[in-house]
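Written out below as structure tokens is the structure these notes cover.
Values quoted throughout were computed directly from the atomic coordinates according to the rules given, and no laboratory measurement underlies them. Just so you know, these numbers come straight off a predicted model, no measurement behind them. Here the Cβ is made from the backbone with ideal geometry for all residues, glycine too, and neighbour counts use every protein chain on show.
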Amino acid sequence: MTARIHPQLTIDLSGLNCPLPILRTKKALATLAGGEIVQVTCTDPATPTDFAAFCRQTGNELLEQWQEEARFLFLIKKRSE
């Protein structure tokens, strides 16, 4: 991993299954300004595919994703308004 980016917001969505991680992340992004970053932690194994599709469809940028044991972590940069 490279030097860690410092997110403005961190949310832990462990234990939630699709579509809740996407919906909660969308709600969290709405509180941020364009260009700010949210770090999301999930346990649903579908989230890597879901977040890639979510970012493509919404114009937000998936900066980084990685796995730590059974947890999936994502850094998502909110698109500029």
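Descriptive notes on the structure:
- In the chain, taking the dipole from charged Cβ atoms about the Cα centre, the farthest positive-side position among Thr47, Leu73, Gln57 is held by Gln57.
- Antiparallel %, DSSP beta bridges [both residues in the chain], to 5: 75
- Simple point charges give the picture: +1 on the Cβ of Lys and Arg, -1 on the Cβ of Asp and Glu, and for the chain a dipole about the Cα centre of about 240 debye.
- For the chain, diffusion coefficient by Stokes-Einstein and Kirkwood Rh (Cα), 20 °C, 1.002 mPa s, µm²/s: 172
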